[in-house]
Amino acid sequence: MSSYRVVADTAICQGHQLCQGEAPDVFGFDEDADVVRLLDEHPDESQRAAVTTAVKYCPAFALSIEED
């Protein structure tokens, strides 16, 4: 199990989908709601760099990482 958790605030997500491009195994997209969808809330440590990049470059600041 990973030592971190990914959080997506769909209330402020603007649907840019940059996160999906960075970490497609972690972030999906809800076409109906036009917002990010978490595919894996507790991704493996091997995904951490990609997830961190996705969080950093989210234009709406809708993503965060919580350390367990």
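Read the figures in this text as sums done on the coordinates, not as results from a lab. This structure is a prediction, so every number in the text was calculated from the model and none was measured. Backbone-built Cβ (ideal geometry, glycine too); neighbour counts: all protein chains shown.
If the Cβ limit is 6 Å and pairs must be 6+ apart or interchain, which residue in region 47-68 that is in contact (Cβ under 8 Å) with a residue 60 or more places away in the chain pairs with which residue that is polar (S, T, N, Q)?
From region 47-68, the pairs are Asp68/Ser3.
Okay, residues lined up against (1) in contact with a Gly (Cβ under 8 Å, 6 or more places away or on another chain); (2) of a type in the set (A, V, I, L, M, F, W, C); (3) farther than 11 Å from Ala62 by Cβ:
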{"position": "His16", "(1), (2), (3)": "no, no, no"}
{"position": "Gly21", "(1), (2), (3)": "no, no, yes"}
{"position": "Gly28", "(1), (2), (3)": "no, no, yes"}
{"position": "Val36", "(1), (2), (3)": "yes, yes, no"}
{"position": "Glu41", "(1), (2), (3)": "no, no, yes"}
{"position": "Ser46", "(1), (2), (3)": "no, no, yes"}
{"position": "Ala50", "(1), (2), (3)": "no, yes, yes"}
